[in-house]
1. Starting from the 7 Å offset along Cα-to-Cβ, what nm value, one decimal, do you get for the label separation of Ser60 and Ala189?
2. Using the Cβ atoms and a cut-off under 13 Å, what net charge is assigned to the surroundings of Ala146, where Lys and Arg are +1 and Asp and Glu are -1?
3. Please work out the FRET efficiency for the pair Ser83 and Val129, using the Cβ-Cβ distance as r and a Förster radius of 30 Å; give the result to the nearest 0.05.
4. Apply 1/(1 + (r/R0)^6) to the Cβ-Cβ distance of Ala137 and Glu205, taking R0 = 41 Å, and write down the FRET efficiency to the nearest 0.05.
5. Compute the Rg/Rh shape ratio of region 61-213: radius of gyration over Kirkwood radius, all on alpha-carbon atoms.
6. Let's test the formula: R0 of 30 Å, r as the Cβ-Cβ distance of Asp157 and Lys74. What FRET efficiency results, to the nearest 0.05?
7. What does the highest-first list of 115-122, 78-85, 140-147 look like by mean Cβ count within 10 Å?
8. So with the 1.4 Å probe, I'd like the accessible area per residue for region 134-176, rounded to whole Å².
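The values are calculated or read from the model by the stated rules, or taken from the named source; none is laboratory data. A quick note: this is a predicted structure, and the numbers were derived from the prediction, not measured. Every residue, glycine among them, receives a Cβ derived from its backbone with ideal geometry; neighbour counts consider all protein chains shown. Heavy atoms of the whole protein, side chains included, go into the accessibility calculation; ligands, DNA and RNA do not. Shrake-Rupley method; radii C 1.70, N 1.55, O 1.52, S 1.80 Å.
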Amino acid sequence: MLSPTRLVLLSFAVAAGSVAFATTRPPPGPRVLASQDVPTTVAPPAQVAPTPQPQSQPASYTIKSVLPIEGPMKMGDHHWDESAAPVKGTIVVTVDLAAQVLSVFRDGHEIGAAAVLFGADAKPTPLGVYPITQKDADHVSNIYHAPMPYMLRLTNDGISIHASEVADGYMTHGCIGVPLAFAKKLFAAVKLGDKVIVTRGEALEVGQPVKAI
């Protein structure tokens, strides 16, 4: 189920500068009588406007590598391997509801992947791009009074990523549930403001930029 083509699509455009030229018309020569010597007037050299430089654009976030996971993932499966990624770098989390897979990237390298639960029926998990606004390792839902270990809040109305029992037949009230061991690693890897991209079935090849961020 997890493959190099399961990730969210995203890219940035580069603006090119234009070149403009301008010339300065010399002032008219002095008025003289016909019997006078006409002074020689030397026109000043034409002036050329400097060429504007193209504005620098931020580099796009590109998927550089994915974990070598063989075969489709089953409920409860999770993987974590940071060996291909730098120690520091921008973290991006993607969630594909169609594949039921969450992936974690650092500097474009996948470091974690897990099969997930999500909301269905009357409590669907919303699609979109969400910054992490709160982290609470010991959170308890004030709506359902249920534990939500290693909670990462995405919306003000309660949608979050948190540890859950990930098994067939289970669903959430809109949150994204991941296995406990994976949730603990994810909680430690991310910081407030890191982006979580939730899609349904959108895919991206390795080497392509992520457009949503």
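1. Computed distance between label sites Ser60 and Ala189 equals 2.3 nm.
2. Here the count lands on -2.
3. With R0 = 30 Å, the Cβ-Cβ based efficiency is 0.60.
4. That gives a FRET efficiency of 0.70.
5. 0.93
6. With R0 = 30 Å, the Cβ-Cβ based efficiency is 0.45.
7. 115-122, 78-85, 140-147
8. I get 56 Å² per residue for this part.
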